[in-house]
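Chemist: Can you keep this structure in mind? I'll have questions shortly.
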Amino acid sequence: MRVLVTGASGLLGRAVVAEFKNAGHEVVGVAFSRAKGDLKKLDLEDSNAVQTFVDAENPDVIVHCAAERRPDVVEKDPNGAKNLNVQVPGLLADLTNDRGVLLIYISTDYVFDGTSPPYDVRDKANPLNLYGQTKYDGEKEIKKFNSSAIILRVPILYGVTEYNGESAVNSLIDSVKDGKAVSMDHYAIRYPTNVADVARVVKDLSIKVRQEKVFISGILHFSGEEKYTKYEICEVIAKVLGTSIDHLTPNAEAPKDGTTRPYDCHLSNRCLAGVGINTQCVKFSDWMQGWLNKSQ
């Protein structure tokens, strides 16, 4: 297969590129602000440039990872976020529908309000913040222009980073190490999921549809099953490092300021497993131990 990956310089995008390449597929990775190496620079908000690029590359699959994923940034620049998170998915859906290209759109668990987990693919979305709303609006654009596309919702992601701030999970390594006294969230439940596992799922879906000719479309969920608060993630990191987190104060109260975030958006893997996709995930503590031992 020939696969085009947007956001290929990012945490998930890099993992998706590597997964397809390692499986022997042709991969074209595109990025914008961090385009380097063999990645091609493409402004996804330039519709003419995107159409020309897609026609020139003629992919079998487009995996759309590019997005403004930081809720606080979305709140500060809503118009910019809407362009990338809503208009671009609609453009790609239209282009892929006309050309018979499989589109896999990466969405988020933040389309839910976190009050009634676990969430199945048919459960009603109710985003609490603008980030979740823009991703949900992106989903609606996908459905509007390409009913054959796959929408894959995933939770908070972690993995091999270029710097810890690429992931809200990996960034907690800095919180553990720097010794600064801060209040750490011990309220919201998260299900950290490794980008390598997400990339494997994306590849397996692509093979099912393009090579095995299995019809799969619409919304699917993929999530790790281990649940942690941010404070509990810090406990795992500290245990691996053999250090104390006495400087971190667990806060079990719902946040009263900043961007509103849902309490527990656990995604059910039921439908994904139902179409024959492996939903196993690496154990979080095992991966973190390997990563920290390697990076020290």
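The values are calculated or read from the model by the stated rules, or taken from the named source; none is laboratory data. Source: prediction; values computed, not measured. No Cβ is skipped: glycine too gets one built from the backbone with ideal geometry, and neighbour counts run over all protein chains shown. Areas reflect the complete protein model, heavy atoms only, side chains present, ligands, DNA and RNA absent. Shrake-Rupley method; radii C 1.70, N 1.55, O 1.52, S 1.80 Å.
Chemist: Under the rule of -39500 (n - 2.57) per DSSP H run of 4 or more residues, summed and divided by the residues of the chain, what mean residue ellipticity at 222 nm is obtained, to the nearest 500 deg cm²/dmol? Walk me through the intermediate numbers first.
Modeler: Working: 11 runs with 110 residues, N = 296.
Helix-only estimate at 222 nm: -11000 deg cm²/dmol.
Chemist: Additional query: Which percent, nearest 5, of DSSP beta bridges in the chain are antiparallel?
Modeler: Bridges in the chain that DSSP calls antiparallel: roughly 5 percent.
Chemist: Next up: What is the diffusion coefficient of the stretch 191-296 in µm²/s, taking the Kirkwood radius over Cα pairs and the Stokes-Einstein relation at 25 °C with a viscosity of 0.890 mPa s?
Modeler: Calculated translational D: 149 µm²/s.
Chemist: For a quick check: with amide H placed at 1.01 Å from N, whose amide H comes under 5 Å from ILE151's, ignoring anything fewer than 5 positions away on the same chain?
Modeler: Under 5 Å from the amide H of ILE151: TYR105, GLY218, ILE219, LEU220.
Chemist: Kirkwood Rh over alpha-carbon pairs of the stretch 1-124, then Stokes-Einstein at 4 °C and 1.567 mPa s: what D in µm² s⁻¹, rounded to an integer?
Modeler: 84 µm²/s
Chemist: Classify the stretch 119-205 as rounded, prolate or oblate from the Cα gyration tensor: take a ≥ b ≥ c as the square roots of its eigenvalues, call it rounded if a/c is under 1.5, otherwise prolate when a/b beats b/c and oblate if not.
Modeler: prolate
Chemist: Right, here's the next one. At 0.36 nm per residue, minus the direct Cα-Cα distance, what do GLU225 and VAL121 gain on full extension? Give it in nm, one decimal, please.
Modeler: In short, 35.8 nm is gained.
Chemist: Continuing with the same structure: What ³J(HN,Hα) values, in whole Hz, does the Karplus curve 6.51 cos²θ - 1.76 cosθ + 1.60 give for the stretch 140-148 when θ = phi - 60°, with x put for Gly and Pro?
Modeler: Working through the residues one at a time gives 5, 5, 4, 5, 5, 9, 8, 6, 8 Hz.
Chemist: What order, most packed first, do the peptides 229-236, 87-94 have when packing is the mean number of other Cβ atoms within 10 Å of each residue?
Modeler: Ranked by mean Cβ neighbours within 10 Å, highest first: 87-94, 229-236.
Chemist: At 1.4 Å probe size, with no ligands or nucleic acids counted, give the accessible surface of MET184 in Å², nearest ten.
Modeler: Accessible surface of MET184 is approximately 10 Å².
Chemist: Additional query: Evaluate E = 1/(1 + (r/R0)^6) for ARG2 and ASP286, where r is the Cβ-Cβ distance and R0 equals 35 Å; express this FRET efficiency to the nearest 0.05.
Modeler: The value I calculate is 0.55.
Chemist: Let me ask you something else. If you roll a 1.4 Å probe over the chain with all protein chains in place, what percent of the accessible area is carbon or sulfur?
Modeler: 46 percent
Chemist: Which whole-number percentage describes the relative contact order of the chain, with Cα contacts under 8 Å and a sequence gap of 6 or more? Let's see the in-between values first.
Modeler: Values: 586 pairs, mean separation 59.5, N = 296.
Rounded, it is 20 percent for the chain.
Chemist: Roughly speaking, what % of Cα-Cα pairs in the stretch 159-224 are separated by over 19 Å, rounded to a whole number? Write out the running numbers ahead of the final one.
Modeler: Values: 1130 of 2145 pairs.
The proportion of pairs with Cα distances above 19 Å equals 53 percent.
Chemist: Using the heavy atoms of the protein chains and a 1.4 angstrom probe, tell me the accessible area per residue for the chain in square angstrom.
Modeler: Averaged over the residues of the chain, the accessible area is 45 Å².
Chemist: As I understand it, the value is the acute angle between the Cα axis of helix 195-206 and the longest principal axis of the Cα atoms of the chain; what does it come to in degrees, rounded to 10?
Modeler: Its long axis makes an angle of about 20 degrees.
Chemist: Where a ≥ b ≥ c are the square roots of the eigenvalues of the C-alpha gyration tensor, would you call the chain rounded, which needs a/c under 1.5, or, failing that, prolate if a/b is larger than b/c, or oblate?
Modeler: The shape class here is prolate.
Chemist: Right, another one. Packing-wise, with mean Cβ within 10 Å as the measure, how do 38-44, 51-57, 218-224 rank, highest first? Numbers along the way, then the final one.
Modeler: Numbers: 38-44: 16.1, 51-57: 14.4, 218-224: 23.3.
Packing proxy ranking, top to bottom: 218-224, 38-44, 51-57.
Chemist: What lysines does LYS40 reach when the alpha-carbon gap must be under 22 Å and sequence neighbours fewer than 8 apart in one chain are set aside?
Modeler: LYS21, LYS203
Chemist: Just to make sure I understand: if all protein chains stay in place, what is the order of ILE277, ILE189 by accessible area at 1.4 Å, largest first?
Modeler: Ranked list, largest accessible area first: ILE189, ILE277.
Chemist: Continuing with the same structure: If the reach is capped at under 21 angstrom between alpha carbons, list the lysines near LYS227, excluding any in the same chain fewer than eight residues apart.
Modeler: Excluding near neighbours in sequence, the set is LYS239, LYS283.
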